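What follows is calculated from the coordinates using simple rules that are stated; it is not laboratory data. Fair warning: this is a prediction, and the values are worked out from it, not measured in the lab. Counting neighbours? That spans all protein chains shown, and the Cβs are built from the backbone with ideal geometry, glycine included.
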Amino acid sequence: MTSIHTEFINIMDHIEKLTCQSYVTKTIGKPPVPVFFVRVLHLMLRSLGVSEKRIHVFCVSTTLLQMGLVTHDRVSLAEQLSPEEMRERQLMVLSGDYYSSLFYHLLSKHQEIEGIHCLAKATSLINEIKMTHRAEQCKGKPLDLQALKRIQSISSGLLTALADFFHVGQESENNWKKIIPGLMLFDELRHCSDSFNPGDTSSSEWIRETWAEMGHALMNIEQQDIKRKLSEMLNTQFLWLSELSLVKES
């Protein structure tokens, strides 16, 4: 089996190739590839015993879908726009649609119809949660426990759907469904750390519980190379969370 590093590089190269459109890059900038997202998905699929070919197909296609969702989030909702800004908004929408269409194309090309259904359903749920989250934000509500849970669902929705899709065995044994939500939430919050301040006790306690659940599930991952890489990810997040006095070494 190809090494984790080599397989990951091949996946990233394919994503970069598919998203490299000169006019789009010139107008709205080079689309950022969610490297952390790809790493987590890649490790999960390897851990679940998915074939190399399917790992590649699902990593590339699911990342493109995620990029489409994120690109649509960047679309300006302003009513008054200059012609240049209007053109940029239109191109942003089309770019998001383009990434999403590549997701369908790749999975259908490889006859992964059930995979399309799985991710389409997850996308629908993510969009519903996003609408609720934005409505609450418009009311000026603080980042409370419910908001954190919505962010967690949005950031981890596609990955947890695939954790279910590829898991074989009892639901209680699905360690990745316990690892992914926390990993993706903390990565999301880490990138907006300047504005993140869990002021209420319930949010802080929930974060500690989520962290503990991740750690326990990690111990059940059998593959040592994957467990080691996951531990490195958690160590990075631990340093950030400990600075906020949200977790402590145990």
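What does the charge count near Thr132 come to, summing +1 for each Lys or Arg and -1 for each Asp or Glu among other residues with Cβ under 14 Å from its Cβ?
The answer is +3.
D for the range 113-250, whole µm²/s, Stokes-Einstein with Kirkwood Rh over alpha-carbon pairs at 37 °C and 0.692 mPa s: what number?
Value of D from the Cα-based Kirkwood radius: 204 µm²/s.
Ignoring trypsin sites (Lys or Arg not before Pro) that are buried or in helix or strand per DSSP, and keeping those with at most 12 other beta carbon atoms within 10 Å, what is the longest stretch of the chain between them?
That gives 1-138 as the longest site-free run.
How long is the gain from Lys121 to Phe36 if the chain were fully straight, where each residue apart is worth 0.36 nm and the alpha carbon distance is subtracted?
Here the segment from Lys121 to Phe36 would lengthen by 28.3 nm.
State to the nearest 20 debye the size of the charge dipole of the range 132-183 about its Cα centre, where the only charges are +1 on K and R beta carbons and -1 on D and E beta carbons.
300
Could you give the longest part of the chain that holds none of the GluC sites (Glu not before Pro) found in DSSP loops with at most 11 neighbouring Cβ atoms within 10 Å?
80-221
Once you have the Cα-Cα distance between Glu171 and Asp97, take 0.36 nm times their residue separation minus that, and quote the gain in nm to one decimal.
Net length gain for the segment: 23.3 nm.
Summing +1 for each Lys or Arg and -1 for each Asp or Glu, what net charge is found among the other residues whose Cβ lies under 14 Å from the Cβ of Ser172?
Charge balance in the 14 Å sphere: -2.
If you take the square roots of the eigenvalues of the alpha-carbon gyration tensor of the chain and sort them as a ≥ b ≥ c, do you get rounded (a/c under 1.5), prolate (a/b over b/c) or oblate?
Oblate.
Rounding to the nearest 20 debye, state how big the charge dipole of the range 95-238 is about its Cα centre with +1 on each Lys and Arg Cβ and -1 on each Asp and Glu Cβ.
260
Using a Förster distance of 30 Å, how high is the FRET efficiency between Lys141 and Glu243, based on the Cβ-Cβ distance and rounded to 0.05?
0.75
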